[in-house]
Amino acid sequence: MAERNNSQREAKLAKRGARLEVEGFLERCRNNGFQVVHVHSVDALVDVLADWASSWGVRRIVMGGLSKGLALRIRSGLAGRGGYTVLEIDRVEMEIEEYRNNSLGVFRAKAGILETGGVVIFDDWASNLASLVPEYSVALLEESEILQNYRDLASLIRQSRPGGVAIISGPSSTSDIELTHVIGVHGPVGCGCIVAGVELDE
Amino acid sequence: MNKSRVLEALGKRWEIETRWRSMLTMHLRSRDSMGRLERGYLAGLFESREKTVKELERLIALTVESAKKEGGNVYVAKTVEDARRYIVSLAESRGVKCVIKSKSMTTEEIGLNEALLSRGIEVVETDLGERIVQLAGQRPSHIIAPAVHLSRDAIARLVSEKRGANLPPQPEAITRFFRQDLWADFKRAGMGITGANVVVAETGQAVLVTNEGNGRLVATMPRILVSIAGVEKIVETWDDAFNVLRVLPVSAVGRDATSYITVIGPRGMSRHVKVPEYHLVLLDNGRVGASRDPWLKDALRCIRCAACLDVCPTFRILGGHVFGDIYSGPMGVPWTAITKGIKDASVIAKYCVSCSLCLHVCPVQIDIPMTISWIKHAAGEKTLRERILTTYEFYAKLGSRLPRLFNWLQGSRVSRRLMEGLLGIDRRRLMHRFRGGSLYGILGERYLSRRDADIVYFPDTYAAYIDWGIGVLVVRVLEALGFTVAVPRTYGSGMPSIQYGFLSKAKKVAEKNVEKLKSYVESGARIVCSEPTAAYCLREAYPKILDTAASQRVAEYTWELTSFIAAEAKSLSPGTGLQSNTYVFYHHPCHSRLLSPGRPSEDLLKKVGLNVLSFDYGCCGIAGTWGMRRGAEGFLISAEIGRRVAEIILGTGCMEIATESSVCAQQLRQFTGLKVRHTIRYIAETLGIQHRDQDVLNF
Ligand code: SF4
Ligand code: SF4
């Protein structure tokens with residue numbers, strides 16, 4: 001059943017030229033300083049997370065705003081690999097210091113923007129924290145959530161009326177000292193974006 | 001112009017160097033990226049901003065209604081005092097001890113930091129550049145790069161001293177230090193204050209564009225959050241908002257997107273789930289009044305991208321602490337007029353030399369140079385020397401009658417000292433020599449009164465009275481291209497009057513020229529100018545000064561000479577008279593950039609077989625008579641620019657320079673020592689029109 005769904009989905013995507021869009025989107029994100037990857041299963045997604053975490057030298061993974069099912073699969077996937085501490089931002093009282101340093105935040109993006117290469121969060125305080133406070137952060141996104149441009153985003157905002165929105169188009173950076181570009185000021189020092197060719201929140 | 005402040009700024013060699021390099025880099029990045037931007041966004045942006053200006057009061061009311069519906073507190077402050085009082089008493093009533101801020105020029109405008117500090121409330125700026133200038137006890141010197149004037153060494157020393165660190169002069173190490181140092185402030189602050197790049201009326205939310213993440217943390221961490229914005233930041237819809245958000249980073253820093261765009265409101269994504277207490281403060285302070293002022297209303301379209309600062313020749317040298325008030329550089333002049341009045345604005349208006357590059361790069365087409373001329377005019381404070389400079393044409397006419405005397409006077413040390421004392425013309429300035437006689441006299445009645453012409457040549461002062469040789473060559477080239485040319489007697493374009501804010505005088509000159517030219521235009525003739533500044537006056541300035549149908553019509557029919565030839569003489573091909581191994585540096589005069597898209601002259605020179613090199617450094621720094629003015633009033637700043645431009649040109653290895661402006665030629669000759677020639681001379685050679693260097697005196 002799942003296989004049939006997948007092949008139907010692939011056919012739909014191919015028809016819409018969505019493959020090209022995914023590649024274009026990832027290319028733009030890469031230009032903005034994201035690490036990017038396109039995966040076709042949640043297991044592959046967990047592999048990428050583990051790889052990136054070890055390349056960044058962090059062992060603490062902090063999830064924010066993920067669906068229960070996805071959070072569980074990531075948690076158990078990482079547990080299988082051993083050596084990771086996995087936290088979930090689920091309480092306001094949680095000490096923010098716990099996930100500031102040596103941490104990788106994982107959050108669920110609402111959309112991606114092809115034209116400028118960025119990801120969008122709507123209304124989710126936990127996603128906001130996971131994308132902002134830790135030293136590194138990774139956005140999770142489905143292929144079908146990639147929008148063409150800001151005009152599409154304007155329509156989405158008008159439909160959903162979010163109270164808060166964050167559009168993230170790269171790691172935190174500054175050029176305030178002699179125009180030298182330095183990555184990593186108050187927000188994440190490094191960031192990634194994983195686009196999944198499967199539904200993430202089943 | 002405050003001479004002592006200028007001299008002080010000119011003494012800070014390292015600051016000038018850092019700023020010049022940074023501004024030039026930012027300008028080049030922005031220019032390249034703007035070229036790639038989908039045009040629809042620019043058109044959309046213009047419409048969105050125009051709507052705001054035209055319907056400002058309706059949009060303020062709509063924003064208030066929407067923000068209240070969202071559950072926020074909204075306050076429309078009429079004055080800076082109102083805004084300051086609201087925020088300070090809010091902080092005091094909530095027992096706030098420490099406020100963290102993200103970058104906001106509006107808080108600078110209302111003097112918020114000082115007000116909070118005077119009530120014992122600590123204020124911590126969290127934008128890196130703002131934090132640096134806060135520690136230095138200075139104000140920002142640039143609207144988006146507050147510490148652009150400081151070197152890494154100066155910053156490392158400052159931060160080490162003020163924060164008890166021991167930092168090496170490395171941007172990475174300094175940044176890492178601030179990441180740690182300010183984190184503690186984010187956690188302990190009781191109130192966060194942000195500015196806003198946009199406020200969306202349909203939902204009442206504020207939008208913040210940042211790179212560092214401090215804006216997001218300020219909006220996320222404290223329990224009380226205040227966003228403050230000038231009312232002109234309001235746009236009606238999200239589509240309007242995204243027009244701004246798409247263009248802003250491209251025009252500002254040449255990037256498609258900044259790292260973060262944050263939408264803030266009472267239901268925002270605070271670490272407390274939503275913002276426990278949110279206030280939106282909308283500041284009027286002269287903006288609503290300005291929206292009804294014919295000269296100031298256009299400045300309300302400004303999106304604070306700073307592209308105009310980066311390209312401004314005098315700003316690059318003097319920086320925002322001299323050429324600026326709260327708002328600095330070109331946009332700072334109309335914005336000081338709006339928020340503080342004409343008198344304050346006129347103080348910094350003096351640093352504008354009317355090159356018009358700011359208008360050329362402005363994504364919302366604000367005519368800053370003409371607005372500044374009007375501010376100078378309205379302030380009414382002119383010096384005698386400025387008055388003398390507006391009589392430039394009289395001086396040139398006299399020189400055309402007494403060339404030997406004038407050439408001798410210009411060459412003699414004693415008389416140059418006298419000229420410096422009496423007329424304010426710097427004795428170090430290289431002056432053009434006079435040929436003697438006028439173009440009108442040389443061409444005679446046939447050209448002066450001809451009515452059957454399809455081209456009217458407008459020579460302006462230089463070709464009419466200083467060296468008619470270039471004027472004769474222009475006529476010969478146009479005739480060789482098959483046109484019938486008339487050269488009616490006209491007045492000089494009046495640019496010095498426009499530049500120094502003598503708009504009544506400029507109006508009289510404009511009226512006379514339009515009167516003379518309109519009958520030609522009515523019979524279908526086009527007007528061609530060999531001086532780009534003259535074309536600028538006829539095309540851009542006259543219609544604004546006169547606001548008549550005739551001036552509009554003359555404007556529509558006016559061309560800058562080489563753009564005209566590039567458009568009309570499509571069949572021009574490499575000529576026999578040119579040496580194809582010649583490498584020529586092409587200098588693009590400021591006013592011709594504004595008038596013709598692309599680089600028509602450069603393309604034309606390439607088309608006729610020359611090897612042409614160029615570099616977009618902007619203005620060469622003479623700006624008409626301004627660069628001739630004594631010392632700190634002009635020449636010293638002009639020389640700073642001229643030397644830097646010369647270094648770039650000489651670095652290309654070219655042995656001669658082509659350009660169209662007679663004053664640019666003066667500057668380039670003085671600082672490069674190279675031969676400078678009018679572009680028309682290369683075209684003439686292509687067409688086989690023989691002329692010698694001595695046929696044209698100066699370039
Ligand atoms: S016209 Fe030129 S000198 Fe004047 S403000 Fe604009 S860029 Fe600066
Ligand atoms: S005046 Fe134009 S170029 Fe200058 S900051 Fe405003 S929008 Fe940008």
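The values are calculated or read from the model by the stated rules, or taken from the named source; none is laboratory data. Just so it is clear, the model here is predicted, and its values are computed rather than measured. Methodologically, a virtual Cβ is constructed for each residue, glycine included, from the backbone with ideal geometry; neighbour enumeration extends over all protein chains shown. The accessibility values were calculated without ligands, DNA or RNA, using every heavy atom of the protein model including side chains. Shrake-Rupley method; radii C 1.70, N 1.55, O 1.52, S 1.80 Å.
Here is how the numbers come out for the structure above:
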| quantity | calculated |
| --- | --- |
| B:PHE615 outside any helix (DSSP H, G or I), surrounded by fewer than 21 Cβ atoms within 10 Å (Cβ to Cβ) and aromatic (Phe, Trp, Tyr) | yes |
| Residue that is least open to solvent (accessible area, probe 1.4 Å), among those in the stretch B:277-314 that are within 16 Å of ligand 1 (Cβ to nearest atom) and of a type in the set (Asp, Glu) | B:ASP310 |
| Test: residue in the stretch B:283-291 that is away from ligand 2 (no atom under 16 Å from the Cβ) and in contact with a Gly (Cβ under 7 Å, 6 or more places away or on another chain) | yes |
| Criterion: in a helix (DSSP H, G or I), open to solvent by less than 10 Å² (accessible area, probe 1.4 Å) and in the same structural domain as B:CYS590 (by TED's automatic domain parsing) - qualifying residue of B:LEU636, B:LEU650, B:LEU668 | B:LEU668 |
| Test for B:VAL414: is it open to solvent by 10 Å² or more (accessible area, probe 1.4 Å), away from ligand 2 (no atom under 16 Å from the Cβ) and free of Cβ contacts under 8 Å to residues at least 12 places away in the same chain | yes |
| Restricting the stretch A:115-128 to residues that are more than 12 Å from the chain's Cα centre (by Cα) and in a helix (DSSP H, G or I), the residue that is nearest to the other protein chains (Cβ to nearest Cβ) | A:TRP125 |
| Helices (runs of 4 or more DSSP H) completely within the stretch B:423-490 that count 3 or more residues being touching a residue at least 12 places away in the same chain (Cβ under 8 Å) and open to solvent by less than 20 Å² (accessible area, probe 1.4 Å) | B:468-480 |
| Test for A:GLY83: is it more than 24 Å from B:ARG255 (Cβ to Cβ) and open to solvent by 10 Å² or more (accessible area, probe 1.4 Å) | yes |
| Index of the failed condition, B:PHE242 passing every other in (1) without any contact (Cβ under 8 Å) to a residue 24 or more places away in the chain; (2) within 14 Å of chain A (Cβ to nearest Cβ); (3) not in a helix (DSSP H, G or I) | (3) |
| Residue in the stretch B:298-316 that is on the phi > 0 side of the Ramachandran plot, of a type in the set (A, V, I, L, M, F, W, C), near ligand 2 (Cβ under 9 Å from one of its atoms) and at pLDDT 95 or above present | yes |
| Residue within the stretch B:373-394 that is open to solvent by less than 10 Å² (accessible area, probe 1.4 Å), more than 14 Å from every other protein chain (Cβ to nearest Cβ) and within 14 Å of ligand 1 (Cβ to nearest atom) present | yes |
| Residue satisfying condition, being acidic (Asp, Glu) and within 11 Å of chain A (Cβ to nearest Cβ), within set B:GLU161, B:GLU172 | B:GLU172 |
| Single condition B:PHE699 does not satisfy, out of (1) among the aromatic types (Phe, Trp, Tyr); (2) more than 23 Å from B:VAL475 (Cα to Cα); (3) out of contact with any Leu (no Cβ under 8 Å at 6 or more places or on another chain) | (2) |
| Qualifying helices (runs of 4 or more DSSP H) (wholly inside the stretch B:497-585; at least 1 residues being of a type in the set (D, E, K, R) and open to solvent by 30 Å² or more (accessible area, probe 1.4 Å)) | B:503-522, B:542-546, B:549-556, B:561-568 |
| Yes/no for A:ARG151 being open to solvent by 30 Å² or more (accessible area, probe 1.4 Å), within 7 Å of chain B (Cβ to nearest Cβ) and closer than 28 Å to B:MET26 by Cβ | yes |
| Of residues in the stretch B:250-275 being crowded, with 24+ Cβ neighbours inside 10 Å and not in a loop (DSSP other than H, G, I, E, B), the one farthest from the other protein chains (Cβ to nearest Cβ) | B:SER251 |
| Check on B:ILE338, away from ligand 2 (no atom under 11 Å from the Cβ), open to solvent by 10 Å² or more (accessible area, probe 1.4 Å) and modelled with pLDDT under 95 | no |
| Some residue of the stretch B:328-335 being within 16 Å of ligand 1 (Cβ to nearest atom), out of contact with any Gly (no Cβ under 6 Å at 6 or more places or on another chain), farther than 25 Å from B:ASP256 by Cα and not in a helix (DSSP H, G or I) | no |
| Candidates B:ARG599, B:ARG593, filtered to the one that is within 16 Å of ligand 1 (Cβ to nearest atom), of a type in the set (Lys, Arg) and open to solvent by 10 Å² or more (accessible area, probe 1.4 Å) | B:ARG593 |
| Residue tally, condition on the phi > 0 side of the Ramachandran plot and either more than 10 Å from ligand 1 (Cβ to nearest atom) or open to solvent by 10 Å² or more (accessible area, probe 1.4 Å) (or both), over the stretch B:341-356 | 1 |
| Residue under evaluation B:SER328, criteria (1) among the small types (Gly, Ala, Ser); (2) within 13 Å of ligand 2 (Cβ to nearest atom); (3) in contact with a helix residue (DSSP H, G or I) (Cβ under 6 Å, 6 or more places away or on another chain), criterion not met | (3) |
| Residue count, the stretch B:92-115 (criterion: among the aliphatic types (A, V, I, L, M) and under 14 Å from B:ASP82 (Cα atoms)) | 3 |
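Matching residues to (1) at the interface with chain B (Cβ under 7 Å from one of its Cβ atoms); (2) open to solvent by less than 10 Å² (accessible area, probe 1.4 Å):
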{"residue": "A:VAL106", "(1), (2)": "no, yes"}
{"residue": "A:ALA130", "(1), (2)": "no, yes"}
{"residue": "A:VAL133", "(1), (2)": "no, yes"}
{"residue": "A:TYR136", "(1), (2)": "no, no"}
{"residue": "A:LEU140", "(1), (2)": "no, yes"}
{"residue": "A:ARG158", "(1), (2)": "yes, no"}
{"residue": "A:GLY164", "(1), (2)": "yes, yes"}
{"residue": "A:THR180", "(1), (2)": "yes, no"}
{"residue": "A:LEU200", "(1), (2)": "no, yes"}
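To keep it simple, each residue is scored yes or no on (1) part of a helix (DSSP H, G or I); (2) surrounded by 24 or more Cβ atoms within 10 Å (Cβ to Cβ); (3) over 26 Å from the mean Cα position of the chain (by Cα).
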{"position": "B:LEU116", "(1), (2), (3)": "yes, yes, yes"}
{"position": "B:GLY129", "(1), (2), (3)": "yes, yes, no"}
{"position": "B:LEU135", "(1), (2), (3)": "yes, no, yes"}
{"position": "B:ILE143", "(1), (2), (3)": "no, yes, no"}
{"position": "B:ALA147", "(1), (2), (3)": "no, yes, no"}
{"position": "B:LEU158", "(1), (2), (3)": "yes, no, yes"}
{"position": "B:ILE174", "(1), (2), (3)": "yes, yes, yes"}
{"position": "B:ASP185", "(1), (2), (3)": "yes, no, yes"}
{"position": "B:VAL209", "(1), (2), (3)": "no, yes, no"}
